[in-house]
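Before any comments, here is the structure.
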Amino acid sequence: PTLPRLAMALLVQHPKLVAIVEEKDIRFERLKFEGSEKFNDILQTILRERPQNSGVLLECYRDHPDEHIIRRLEAMNLEIPEGGEAAEF
């Protein structure tokens, strides 16, 4: 997958990674790349809703126009060793 798609999938599958964004005070909304709007939408949803896991995040997107996108990102096989998600992100 592309780097933005990988980052979105990581956030969807491991919403607690948002702590890295907060800790480093990263301003993704200023970055422009393919998929940046969708990435920022997902990021803002996670920041606002604070889901404990991907299942809770999927519920946040129930009946939302982007529900199918979130479901696909959640189902992606990232081939990242368990515990290596933060380093990859």
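Can we say Ile42 is surrounded by fewer than 14 Cβ atoms within 10 Å (Cβ to Cβ) and of a type in the set (A, V, I, L, M, F, W, C)? Taking the combined requirement at face value, the residue does not satisfy it. For the range 60-74, the count of residues that are surrounded by 14 or more Cβ atoms within 10 Å (Cβ to Cβ) and closer than 15 Å to Phe89 by Cβ is nonzero. Could you grab me the full set of residues in the range 2-60 that are touching a Phe, Trp or Tyr at 6+ places or on another chain (Cβ under 9 Å) and small (Gly, Ala, Ser)? Correct list: Ala7, Ser36. Entry remark, the range 23-32: residues being open to solvent by 70 Å² or more (accessible area, probe 1.4 Å), assigned to a loop (DSSP other than H, G, I, E, B) and either within 18 Å of Arg72 (Cα to Cα) or of a type outside the set (Lys, Arg) (or both) number 2 in total. When Glu88, Glu49 are checked against the criterion of being of a type in the set (D, E, K, R), in contact with a helix residue (DSSP H, G or I) (Cβ under 6 Å, 6 or more places away or on another chain) and open to solvent by 50 Å² or more (accessible area, probe 1.4 Å), a single residue qualifies: Glu49.
Scanning the range 39-84 for residues that are aromatic (Phe, Trp, Tyr) and part of a helix (DSSP H, G or I) yields a single hit, Phe39.
For the range 1-54, a tally of residues being of a type in the set (Asp, Glu) and at pLDDT 90 or above returns 2.
The values are calculated or read from the model by the stated rules, or taken from the named source; none is laboratory data. Please read all numbers here as calculations on a predicted model, not as lab measurements. Don't worry about glycine lacking a Cβ; one is built from the backbone with ideal geometry, like all the others, and counts go over all protein chains shown. Ligands, DNA and RNA are excluded from the accessible area calculation, which covers all protein heavy atoms including side chains. Shrake-Rupley method; radii C 1.70, N 1.55, O 1.52, S 1.80 Å.
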